Structures are given as C-alpha cells and as structure tokens.
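The values are calculated or read from the model by the stated rules, or taken from the named source; none is laboratory data. Treat the numbers as computed from the prediction; the structure is a model and nothing was measured. Cβ placement follows ideal geometry from the backbone for every residue including glycine, while neighbour counts extend to all protein chains displayed.
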Amino acid sequence: MLETKYPAKRSIIFIVGFLVTAPAVILFTLISLFSLSSSIPQGRVLAAESVHTRRPSSQKIEGFPTVSVELRSEDARVEIIRQYLSRYSSPLVDYADLIVEEADKNELDFRLITAIAQQESNLCKKIPENTYNCWGWGVHSSGTLGFGSFEEGVKKVTAGLRNNYVNNGFQTVEEIMSRYTPHSPNGAWAKGVRSFMQEMQ
C-alpha cells in the first residue's frame, strides 16, 4: 500500500541518500589508499635486484678479492653459480649449493673455485679420466691428484685454498697464482680467474 501511495517520496529519499553516502564512500576510499601508499617504505629492494644486495661479513682481509669482504644473499649466490655452470654445461651444476656452502665455511669468495675450474678445465670438461679434479689441484710430474667425487673435490680444494694459501699470506689472485701455477706467462692465469669471477657478478 505504501509503495503505490508514495512512490515519488521514496525515490527522492533514495536519491538524497545516494548523493550523501557516495561522496563519503569515495572520500573514505581515497584516504585509505593514501594512507596505505605512504606506509610502504620508499626505495625498497625488489626481488630481482636482490642479487646486488650485500651484507657485511664478520671478518675482513684487506686487498684480497677472493675472501668474502661482503656476502650476497645466499639464495642469489647459489643461483648465480648454478646459472653460470648451466650456461657452460658443466657437470658441477648440481653442486652449486655445496660450492657456496664450502666457500662460506672457509671464508672465501663464493665465485673463486668455480673461476679456477673454468681456468683449469673448462669447468670439468677437460680433466684426466676418473679424477674429478677440475682445478688442476696437486698436478705434478707423476700425474694429477684425483678425488673420489666432485663433492670431495669441491670440499678439499676450497679448504686447501684457505689452509695452504690464504692462511699463509697468499691473499690476492696474483699471489695465489705465484704458488698455484708459478710459470703462468704474463699473469694469464690470474687474469683468467679474475675475468671469470667478474662474469659471476
């Protein structure tokens, strides 16, 4: 009965109600959006840029590029090594996690033994059969030292670089070269290792 008796009045009430509430809703929405946007930190690092994010190491050795002065995000570093090894079809690709883990354990740059493997054996593609020695480690006149697996090789070479080189004062790539491969012409070994490390930036 009311619907037919006062249709115009109901329409006016509806229109007035809409005109009053709509601007209020719009204003509330705009205030909420402004508050939300202002609460987001400015200049935050995006996931894709986290490769370049570094955090300070607990120890620092001046002038030695192979010691981790700064450590990158762990996941990013593993992915850098994995992609590099994959690009060159290296059999070490499944050991990217181990390479970074052992580098951290021995406080070395995570790129170092991969760069040495590239310099010495084209990332394990040119090594004496069944030696798993991608690093030219222990090469002498009687032959080349062999490991039981790539895993053993990664662990022993990384620890060896720390114990036999860094701890004895061989702290730059050039200084390591002077003992690792002293007859390298014109510093070619060190230049190669540095170049390969830069590829893994």
Q) When you look at VAL78, is it of a type outside the set (Asp, Glu), out of contact with any Ser or Thr (no Cβ under 6 Å at 6 or more places or on another chain) and either surrounded by 10 or more Cβ atoms within 10 Å (Cβ to Cβ) or at pLDDT 75 or above (or both), yes or no? A) yes
**Q.** Failed criterion for ALA188 (all others in (1) assigned to a helix (DSSP H, G or I); (2) in contact with a helix residue (DSSP H, G or I) (Cβ under 7 Å, 6 or more places away or on another chain); (3) farther than 26 Å from ASP75 by Cβ hold)
**A.** (2)
Q: Select from the stretch 114-168 the residues that are touching a residue at least 24 places away in the same chain (Cβ under 8 Å), among the small types (Gly, Ala, Ser) and not in a loop (DSSP other than H, G, I, E, B) and write down the one among them that is surrounded by the most Cβ atoms within 10 Å (Cβ to Cβ).
A: ALA117
Q: Report whether or not SER86 is modelled with pLDDT under 95 and either crowded, with 18+ Cβ neighbours inside 10 Å or among the polar types (S, T, N, Q) (or both).
A: no
(Q) Which count do you get for residues in the stretch 89-105 that are crowded, with 20+ Cβ neighbours inside 10 Å and closer than 14 Å to LYS155 by Cα? (A) 7
Q: Considering each residue of the stretch 169-201, count those that are within 19 Å of TYR84 (Cβ to Cβ) and of a type in the set (Ser, Thr, Tyr), and give that number.
A: 1
Q: Output the qualifying pairs, or none if there are none: Cβ atoms under 9 angstrom, residues six or more apart or on different chains, first residue in the stretch 83-108 and free of Cβ contacts under 8 Å to residues at least 24 places away in the same chain and closer than 27 Å to GLN171 by Cβ, second residue of a type outside the set (A, V, I, L, M) and buried (at least 22 other Cβ atoms within 10 Å of the Cβ).
A: ALA96/ARG77; ALA96/THR114
